[in-house]
Every structure is written in structure tokens, then in C-alpha cells.
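Let me begin by presenting the structure, written as C-alpha cells, before commenting on it.
The values are calculated or read from the model by the stated rules, or taken from the named source; none is laboratory data. Remember, predicted model here, so these are calculated numbers, not experimental data. Glycine gets a Cβ as well: all are built from the backbone with ideal geometry, and neighbour counts include every protein chain shown.
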Amino acid sequence: MIKTSRRAETLVGWMESLADRTRLRLIRVLERQELGVIELCEILQLPQSTVSRHLKLLADQGWVHNRRDGTTRLYRTTLQELDPAARKLWVLAREQTDDWATVKQDELRLLRRIQQRNVDSQSFFAGAAGKWDKIRRELYGDAFSTTAMLALLPRDHTVADLGCGTGQIVAQLADHVRRVIGVDSSSAMLKAARKRVGERENVELLRGDLAAAPLGDSVCDAAMLLLVLTYVPDLQPVLREARRIVKSGGKVVIVDLLLHDRDDFRRQMGQQHSGFESEQFKRTMTEAGLVEVKCSPLPPASGAKGPALFMAAGVSR
């Protein structure tokens, strides 16, 4: 009876460990990569006190192990080191959380962290040559690379920025294409945009509903919707309008939030949607009449506090 009681208590302890979202996320990440507390805070976007508290509980239960590396303590989860019964329980928990939006966000930030480690290692061994990226960034910033890519656009293009906001992208595009049309429903945003673009003659700013864009058919070579669709209750009318105003063979490019479950963030930002799942979004674009649709996540920017983003593109027909 004593043996059975102890096994039951151990099982309950394991289940309690896995009955917490933060601990589930920690184990999933640490199963993929050995990491320090600061890295875990960056990936999970949680304060150090919270991460450390959960790590201690997981370590006491045998879910994670750690070692010291200089002044840093590194944590890991290794299936082979788990109790066989705990291993079975974790495999089930992992399978049941594979489609969790937060997990997908964590995986993107983990990938970026791993990539950054590789860059750091290469820089260390490359010596002076490896310092060039840092020197270039400190001396010249990062904007010049965007400018160089914009210069690749055909000079005779007309591009629509739907939901142009304060006109940042409109101003950048104006120096590289024949004409830029910015559309937004907010008069306050358009006022800021007009101030930003100044006297540029090839810029037109229009107030209008994106579901009924104030533009004719096939008047643009391309259209963009950047961080716009999470604010739109019904995507189809907006996507159809984007397709309508773009010439056959032209592109509609979208950047927006990947699906997440940070409801506090959604409410704070006044958004209608908690991001979008990639495959479903591709189907939505196809239903709107776009073809050759592609959709892929974007690496999270260093220090970014919001959910991860994706970029999608489709061709008007």
C-alpha cells in the first residue's frame, strides 16, 4: 500500500507540474535547446522572476536539469533522463499542445535565438571581419538595406498602401516608384501622413473604407496591407477590393500577426482578430480570388514585444 501511495503521489506531482501553461512552454522549449534564464525570458516574453520560479519547481520534480557555464546556469529537458512514466505523460502533453498558437510563437523566437547564437559564434571566430555587421549598423543603421531593396522595384509602378496610417511606407515608396496611393479611413492618420509626405507630387492620399476602396479597377501594379487585417472584422471584402484595384499579374502583399492567444494584447490594441493561422489565411486569400498564394513567418525583430508576424503574397488575376 505504501508503494502504491507513493506512486500515486508522484503521478499527482507530475500532473500538477504539467497543469500550468508556463511550465508546458518551458519544457517544450528546453526539450529543443539548452538555454539560460535570460534567453528563456526573451523567448517566452515573461519576467525573470516568473521564469525562475517555474524552473525551480520543474527542477524539483525532475523535469529539467541544469549546469553551470561560467557565470550562467543553463537548463535543459532530456527525454532519456525522465522517469519512464513521466516520459509517457510528457509525450501525451506535447502531442496535445502541438497546435497551441503560443507554442508556435515560442518556436519562432527560439529559432531566432538559435540563429543569433550561430551568428555570435561565427563572429567570434571570424575576428575583425566578423565585427563588420556591428560596425556597419552602428555607423549607418539598417535603413539603407530597405532603401536598396526598394530601388529594385520597377520605376513605372503604381503602388497602393491600403491602411496607410501615418504614411511611413508611402514616404519610403515615393522615391522609388512612379506613383503611390495611400488609403485610410482615419482622418487623424491621414493628417499625419500628409505632413510626412510633404510636397511629393507622386503621392495621393485618400480617405475611404478598405472594403470599398475609392479607386478604379486595375489601376495599381501592386497593393499592400501592412498590419491592417487584424483590425478588420470581415477579411473577404477587403481582400477582394485589393485584388480588384490591382492589374492582372500584379501582387497583393500582406504583413500581419501570426495566430496567438494574448487576449490582453488584442484588447489593448483594439484588434478584431488574435492573428491568423498560415494555412487558413492562404485559403482566405485564395477564396478572395488571388492565385499563387504564399505565406511564411517572419523572424521576430530583436527586442520586439508583440506577437510574431507573417508575410503573405498573392497574384491578381
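Worth a mention:
- Exactly one residue out of LEU24, LEU30, LEU58 is buried (at least 20 other Cβ atoms within 10 Å of the Cβ) and touching a strand residue (DSSP E or B) at 6+ places or on another chain (Cβ under 6 Å), and it is LEU30.
- Of all residues in the range 68-85, those satisfying the criterion of being polar (S, T, N, Q) and surrounded by 11 or more Cβ atoms within 10 Å (Cβ to Cβ) are THR72, THR77, THR78.
A quick yes/no check of all residues on (1) surrounded by 15 or more Cβ atoms within 10 Å (Cβ to Cβ); (2) part of a helix (DSSP H, G or I); (3) at pLDDT below 85:
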{"site": "ARG87", "(1), (2), (3)": "no, yes, no"}
{"site": "TRP90", "(1), (2), (3)": "yes, yes, no"}
{"site": "ARG94", "(1), (2), (3)": "yes, yes, no"}
{"site": "ARG109", "(1), (2), (3)": "yes, yes, no"}
{"site": "ARG112", "(1), (2), (3)": "yes, yes, no"}
{"site": "GLN116", "(1), (2), (3)": "no, yes, yes"}
{"site": "SER121", "(1), (2), (3)": "no, yes, yes"}
{"site": "PHE124", "(1), (2), (3)": "no, yes, yes"}
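- Pair list, Cβ < 9 Å and 6+ apart or interchain, from the range 4-24 residues that are assigned by TED's automatic domain parsing to the domain that holds CYS41 to residues that are among the aliphatic types (A, V, I, L, M) and in a loop (DSSP other than H, G, I, E, B): THR22/LEU46
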